[in-house]
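Visitor: Below are the structure tokens for one structure; questions will follow.
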Amino acid sequence: MQHKLVALSELAKGASGIVEKIDEDLLPHNIELEPGELERRLLEIGIIEGTTVKVLHFGLINHDPIALQIDENGTSIAIRKNEAAIVLVTPIDN
């Protein structure tokens, strides 16, 4: 059965998903980073394929940044909405 991939930035508050892919081709072209740089940064903070992420809350302006809980270990991080847009997840039914 094929699951629909959605951008992490599209999940609602309280929703969870399993990280399937980081696709830098979805990054806006006005972001000046070397190829692979943002993916490396996301991997370093724990956003790795197979990891479960949960949206904790959104920032006040434009829902930016997005606070996330990584796995069940309770690590909380915040990333920008445009960074979350390149992280593709399979939503988990809660």
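Visitor: Could you tell me the center-to-center distance, by alpha carbons, between the stretch 1-24 and the stretch 25-80 in angstrom?
Guide: 12
Visitor: Could you tell me which label, among (1) 8.4; (2) 6.2; (3) 13.2, carries the value of mean projected area of the Cα convex hull in nm² calculated for this structure?
Guide: (2)
Visitor: Please give me the summed charge of the neighbours of G50: other residues whose Cβ is under 11 Å from its Cβ, Lys and Arg +1, Asp and Glu -1.
Guide: On the way: positive: K21; negative: E20, E49, D71.
That works out to -2.
Visitor: Mind listing which trypsin sites (Lys or Arg not before Pro) in the stretch 1-74 are in a DSSP loop and have 12 or fewer other Cβ atoms within 10 Å? Can you show the working numbers first?
Guide: Values: sites: K4, K13, K21, R40, R41, K54; in loops: K4, K13.
Counting only loop positions with at most 12 other Cβ atoms within 10 Å, the trypsin sites (Lys or Arg not before Pro) in the stretch 1-74 are K4, K13.
Visitor: Quote the charge dipole size of the chain about the Cα centre in Debye, to the nearest 20; the model charges only the Cβ of Lys and Arg (+1) and of Asp and Glu (-1). Each step should come with its number before you reach the end.
Guide: Values: 8 positive and 16 negative charges, 79 e Å.
Using Cβ point charges on Lys, Arg, Asp and Glu, the chain gives about 380 debye.
Visitor: Also, quick follow-up: State the answer as a single residue: which of P35, N62, V89 lies farthest towards the positive end of the charge dipole of the chain, with beta carbon charges of +1 for Lys and Arg and -1 for Asp and Glu, about the Cα centre.
Guide: The residue sitting farthest along the positive end of the dipole is N62.
Read-outs throughout are calculated quantities, based only on the coordinates presented, and are distinct from any laboratory measurement. Just so we're clear, the structure is a prediction, and the values are computed from it rather than from any experiment. Using ideal geometry, Cβ is built from the backbone for each residue, glycine included, and neighbour counts are taken over all protein chains shown.
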